[in-house]
Amino acid sequence: MFGARLPQVFPLGLVATAVALTDTQRCARLAKTHIKNVHSLDTLYLRANESYRVPASCGSGLGDDLLAQTSVNVCVVHAIYNTSRTSATRIEVWLPDPDAWYGRILGTGGGGLAGCVDYDDIKWGSSIHFAAFGHDGGHDAPNGVALAKSDEIIIDYATRALHVATVTSKLLVRTYYGRPHDNAYYNGCSNGGRQGVRNAHDFPDDFDGILAGAPAFNFINLLAQSNIANLASHKLSDDDWALVKKEVLRQCDGLDGLHDEIVTDPDACQFLPEVLLCQGAKRADCLSREQVEAVRTIHSPLYGQSGELLAPRLDPGAELDTGLWPLIFGPSFYEFGQQWWQYVVYNDSTWEPSPDFGYKEIADANAREAQVPVASFDPDLSAFYKRGGKLLTYHGTRDILIPLGTSLWYYQRVQRALSLPPSAMDEFYRLFLIPGMSHCYLGADASAWQIGQIGFTVWSNASDSHALFALVDWVEKGTGPETIRGSTLTTTNATTPPTRLHCKYPAKSAWQPDVQDWTCIESP
């Protein structure tokens with residue numbers, strides 16, 4: 001059940017007297033809907049700007065009070081779906097009034113190892129006329145502790161929770177509005193991006209269009225790469241890292257034709273940390289041999305014992321992401337990596353990483369992966385392709401959590417697996433690289449990371465500057481985006497916000513000095 005009554009906060013069963021009767025009745029009747037495997041179904045009608053306390057321990061976009069506020073009239077539905085005898089998924093659906101619904105559904109995912117509904121995306125989706133829903137990935141917690149309880153919970157986290165949430169939401173939409181939806185969309189980033197692409201593989205009929213940012217493909221090896229990078233980073237002080245960051249920009253910032261503290265194309269940057277090697281004793285303006293080797297390890301791909309590629313390198317320029325820097329390169333071990341080995345691989349909450357973390361731990365994790373697949377790196381999207389599904393992905397070049405090469409590698413794997421030329425790939429799968437953007441959003445001042453990937457990143461409602469609306473146009477009008485124009489809109493530049501054209505892979509972004517603007521050039 002929803003929480004207690006607060007000022008302008010309504011618990012289940014208590015309805016504001018000013019609410020239109022037909023809408024409240026329709027919402028109340030929805031609670032009587034019978035859905036197989038759903039053992040709890042509650043509803044609450046909220047008017048614009050009213051709030052309620054969510055029935056969970058966490059929620060993306062919420063404060064410590066766990067209050068979720070809507071900006072439009074919605075019927076809020078809370079359902080518990082039993083996915084097995086030892087697992088269940090919490091589902092939340094926000095249904096706008098019938099005259100404010102445009103026939104579309106928007107599903108959302110979750111980040112990290114957490115089991116938190118994404119209220120930012122649900123609120124945004126319902127405000128732009130979608131029936132929006134989220135799920136908790138099979139566990140109600142801001143961390144991965146619950147993953148140790150049952151393999152069924154891991155399966156929910158990997159793929160099943162999103163699917164049952166989608167099926168349940170479609171049934172609720174049909175009941176509430178008296179007709180089925182026209183098109184179903186998905187929006188998620190990081191682990192949410194992984195969930196979206198995994199859904200396209202496992203359940204290709206769930207969504208017509210999927211917007212996936214920085215997907216955590218190759219999940220196990222990605223975590224291993226981050227663990228190894230974290231341990232190597234402990235050999236450098238903050239002052240040493242300042243030297244590295246400055247040298248990365250010196251070597252690679254101007255490769256795109258403009259010095260703006262952004263490495264536009266990390267693949268073109270062959271960073272040489274050896275330039276920083278001290279000639280003699282360690283000094284403040286150079287690195288020791290051990291430190292240079294640590295930087296080289298961080299900026300090198302991870303290979304297996306037989307020479308096979310396990311994970312791409314951390315891209316030069318990602319060091320400049322000061323916001324998420326402590327998560328990977330802080331004094332403690334990488335939190336997500338530690339929890340995965342603690343609660344999933346070894347089921348031992350006391351496990352601590354050793355300084356020589358490496359092949360044994362990776363082998364153990366991949367053996368566990370064979371039992372409960374989470375990696376989401378299978379490139380066979382043929383069923384999604386054949387049914388006409390559209391996959392729009394984006395990835396920032398300054399992403400310190402999930403290297404850009406992860407998205408490039410998966411795109412290329414799909415192209416090879418389906419034996420498709422670039423023109424055929426464009427029919428269903430498009431990847432946009434966002435120079436200077438960090439993980440999912442934020443980034444350098446000149447990065448123009450606001451592309452309409454989530455509500456607070458919307459600077460224009462034009463589909464050529466709005467990733468979600470571009471996806472809608474692609475699905476409903478058949479025209480896929482060739483470019484997306486981003487911005488970095490702030491309170492100080494609201495009248496003339498800087499913009500930048502972002503390019504569809506494999507085109508590259510290049511600066512045009514004669515017109516002082518960016519353009520996209522085809523790769524040779």
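The values are calculated or read from the model by the stated rules, or taken from the named source; none is laboratory data. These figures come from a predicted structure and were not determined experimentally. With ideal geometry, Cβ positions are generated from the backbone for all residues, glycine too; neighbour counts draw on all protein chains shown. With ligands, DNA and RNA removed, areas are computed over all heavy atoms of the protein, side chains included. Shrake-Rupley method; radii C 1.70, N 1.55, O 1.52, S 1.80 Å.
What to note about this one:
- Any pair with Cβ under 7 angstrom, 6 or more apart, that starts in segment 199-218 at a residue that is in contact (Cβ under 8 Å) with a residue 24 or more places away in the chain and of a type in the set (A, V, I, L, M, F, W, C) and ends at one that is in a helix (DSSP H, G or I) and open to solvent by 10 Å² or more (accessible area, probe 1.4 Å): PHE203/HIS163; ALA216/LEU222
- Looking at VAL72, VAL77, VAL93, VAL38, just one residue is in contact with a Pro (Cβ under 6 Å, 6 or more places away or on another chain) and at pLDDT 95 or above, and that residue is VAL72.
- Any hit, segment 446-455, residues being in contact with a helix residue (DSSP H, G or I) (Cβ under 8 Å, 6 or more places away or on another chain), aliphatic (A, V, I, L, M) and at pLDDT 90 or above: yes
- Among the residues of segment 57-97, those identified as open to solvent by less than 30 Å² (accessible area, probe 1.4 Å), farther than 17 Å from ILE35 by Cβ and in contact with a Cys (Cβ under 7 Å, 6 or more places away or on another chain) are CYS58, GLY59.
- Positions within segment 344-367 being open to solvent by less than 40 Å² (accessible area, probe 1.4 Å) and either assigned to a helix (DSSP H, G or I) or within 30 Å of GLN453 (Cβ to Cβ) (or both), in sequence order: VAL344, VAL345, GLU361, ILE362, ALA365
- Some residue of segment 297-312 being polar (S, T, N, Q), surrounded by 12 or more Cβ atoms within 10 Å (Cβ to Cβ) and over 27 Å from TYR410 (Cα atoms): no
- Here GLY254 meets each of (1) surrounded by fewer than 24 Cβ atoms within 10 Å (Cβ to Cβ); (2) in contact (Cβ under 8 Å) with a residue 40 or more places away in the chain with one exception, condition (2).
- Residue match in segment 427-439 (condition: buried (at least 18 other Cβ atoms within 10 Å of the Cβ), in the same structural domain as GLY107 (by the TED database), of a type outside the set (A, V, I, L, M) and under 13 Å from GLY193 (Cβ atoms)): yes
- Residue list for segment 194-208, filter: in a loop (DSSP other than H, G, I, E, B) and crowded, with 22+ Cβ neighbours inside 10 Å: ASP206, PHE207, ASP208
- Qualifying residue in segment 6-22 (condition: on the phi > 0 side of the Ramachandran plot, surrounded by fewer than 17 Cβ atoms within 10 Å (Cβ to Cβ) and at pLDDT below 95): yes
Residue-wise test of (1) under 18 Å from the mean Cα position of the chain (by Cα); (2) open to solvent by 50 Å² or more (accessible area, probe 1.4 Å).
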{"position": "GLY443", "(1), (2)": "yes, no"}
{"position": "GLY452", "(1), (2)": "yes, no"}
{"position": "GLY455", "(1), (2)": "yes, no"}
{"position": "SER460", "(1), (2)": "no, no"}
{"position": "ASP464", "(1), (2)": "no, yes"}
{"position": "ALA467", "(1), (2)": "yes, no"}
{"position": "LEU471", "(1), (2)": "yes, no"}
{"position": "GLU476", "(1), (2)": "no, yes"}
{"position": "PRO481", "(1), (2)": "no, no"}
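- Residues satisfying the stated conditions in segment 132-183, i.e. open to solvent by 10 Å² or more (accessible area, probe 1.4 Å), farther than 21 Å from HIS78 by Cα and part of a loop (DSSP other than H, G, I, E, B): ASN143, LYS149, SER150, ASP182
- Residues of segment 41-56 classified as closer than 29 Å to ASN143 by Cα and open to solvent by 30 Å² or more (accessible area, probe 1.4 Å), total: 2
- The set of residues in segment 262-271 being surrounded by fewer than 16 Cβ atoms within 10 Å (Cβ to Cβ) and either modelled with pLDDT of 95 or more or outside any helix (DSSP H, G or I) (or both) consists of GLN270 alone.
- Considered as a group, the residues in segment 136-174 that are charged (D, E, K, R) and either closer than 22 Å to GLY61 by Cβ or touching a Leu at 6+ places or on another chain (Cβ under 6 Å) (or both) include one that is modelled with the lowest pLDDT, and that residue is ASP140.
- Filtering segment 292-343 to residues that are of a type in the set (Ser, Thr, Tyr), part of a loop (DSSP other than H, G, I, E, B) and over 24 Å from LEU236 (Cβ atoms) leaves only SER306.
- Restricting segment 98-131 to residues that are in a strand (DSSP E or B) and small (Gly, Ala, Ser), the residue that is surrounded by the fewest Cβ atoms within 10 Å (Cβ to Cβ): ALA131
- The lone exception for THR350 - which of (1) in contact (Cβ under 8 Å) with a residue 12 or more places away in the chain; (2) polar (S, T, N, Q); (3) not assigned by the TED database to the domain that holds ASN191 it fails: (1)
Condition check ((1) touching a His at 6+ places or on another chain (Cβ under 7 Å); (2) within 16 Å of ALA318 (Cα to Cα); (3) assigned to a loop (DSSP other than H, G, I, E, B)) across all residues:
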{"position": "LEU391", "(1), (2), (3)": "no, no, no"}
{"position": "ALA417", "(1), (2), (3)": "no, no, no"}
{"position": "SER423", "(1), (2), (3)": "no, no, no"}
{"position": "GLY452", "(1), (2), (3)": "yes, no, yes"}
{"position": "TRP459", "(1), (2), (3)": "no, no, yes"}
{"position": "LEU468", "(1), (2), (3)": "no, no, no"}
{"position": "THR479", "(1), (2), (3)": "no, no, yes"}
{"position": "LEU489", "(1), (2), (3)": "no, no, yes"}
